[in-house]
Every structure is written in C-alpha cells, then in structure tokens.
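Accompanying notes for the structure given below.
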Amino acid sequence: MAFVRELYFEDLPVGFKYRSPYGRTITDVDNIWFTLLTNNVNPIHFDKVYVERNYEGESFHGRPVVNGLLTLAIVTGLTTELSARGFMVGLENVRWLSLVFSGDTLTGECEVVEARPSKSRPEYSIIRLKTKRYNQKGEVVMEFDKIIMVPRRAGG
C-alpha cells in the first residue's frame, strides 16, 4: 500500500493497492445535518427515543443509525486522493454490509481492478477501484466500485 498524490494513469496499474492514510469519525451532528439536508424523514436516523421504543433488542442497540448515503459520501471521499488530477465518473455495485453509528471511525482501502484508455477523451483513462470500507473494529461496513477518470502523461 502507498501514500500518493496526484497520480496519472501510468501510476495506477491493475493490482495497485491504496489504503487511506487517515480515517473519518462520524458525529451526531454530521448524521442529523445530512439527514435533514436530504429530506430523509426516517426517524431511525435522528430520533433516539423512537429507535429505543421500536427497535429494542435489535442490532441498533438503542442508537440512531447513520444515514447510509452519508456513509457512502464520506467513504467515497477517502480515496479522492487517487483522482486529484481527474474526477469520479461513477459508483457501481454499492453494498452496505454493516450498520454505522455516530462515533464510528471509517477507514478504507481499494485496489485497481481495471485500467484502460478512455474512448471519448484520449488524454484520459478510466480506472475501476474495488473499494472496501471498515469501521474501527475492522468490520467491513461497505463495498463498492469507484470509477475515476485520470489524465495520461503527455505522450501517453
């Protein structure tokens, strides 16, 4: 695994692995604001009393669950460094595997599983990253494929 910045297509061969050098701890404020901003009215994300009354004994442990789209947004950002010279063009095969709660710290890793020249923009290439995100206990909370477009070196 490597710590990298502003990579080109030629720096990201199939098999290249990257681990985010930092994590992100999710707070109650993050979860509540994101849930309100996105008009998500499901009380499992912001009403502790509702969760305690309706999900007693279940895996929620009496705590609101972090909004899944907030989790996706945060964990997608943990590999932004790989596309610092380019941009993200898609997410595919998104799977939430474990609940995330306020106070959880998310980290992650990815591996290049596809790298090819772009057909529409010859100065760029398409990179597919198989991405896994973990909580502080080492449990996989999310998997997805992140597709990024990065430039080729001059003359590439």
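The values are calculated or read from the model by the stated rules, or taken from the named source; none is laboratory data. Just so it is clear, the model here is predicted, and its values are computed rather than measured. Because the Cβ atoms are built from the backbone with ideal geometry, glycine has one as well, and the counts that use them run over all protein chains shown.
What the table shows:
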| quantity | calculated |
| --- | --- |
| Hey, VAL49 surrounded by fewer than 18 Cβ atoms within 10 Å (Cβ to Cβ), of a type in the set (Val, Ile, Thr) and farther than 24 Å from GLY23 by Cα or not | yes |
| Residues that are out of contact with any Leu (no Cβ under 9 Å at 6 or more places or on another chain) and either at pLDDT below 95 or over 13 Å from GLU92 (Cβ atoms) (or both), drawn from the stretch 119-131 | LYS119, SER120, ARG121, PRO122, GLU123, TYR124 |
| Of all residues making up the stretch 52-85, the number that are modelled with pLDDT of 85 or more, crowded, with 17+ Cβ neighbours inside 10 Å and under 17 Å from VAL140 (Cα atoms) | 9 |
| In the stretch 133-144, residue surrounded by the fewest Cβ atoms within 10 Å (Cβ to Cβ) [restricted to those that are under 14 Å from THR105 (Cα atoms) and of a type in the set (D, E, K, R)] | LYS137 |
| Selection within the stretch 23-46 - touching a strand residue (DSSP E or B) at 6+ places or on another chain (Cβ under 6 Å), touching a residue at least 40 places away in the same chain (Cβ under 8 Å) and surrounded by 14 or more Cβ atoms within 10 Å (Cβ to Cβ) | GLY23, ARG24 |
| ARG116 in contact (Cβ under 8 Å) with a residue 40 or more places away in the chain and among the basic types (Lys, Arg) | no |
| Qualifying residues in the stretch 102-132 (those that are under 20 Å from the mean Cα position of the chain (by Cα), among the small types (Gly, Ala, Ser) and assigned to a loop (DSSP other than H, G, I, E, B)) - the one surrounded by the most Cβ atoms within 10 Å (Cβ to Cβ) | SER102 |
| Count of residues meeting criterion [small (Gly, Ala, Ser) and either in contact (Cβ under 8 Å) with a residue 24 or more places away in the chain or crowded, with 19+ Cβ neighbours inside 10 Å (or both)] in the stretch 145-156 | 1 |
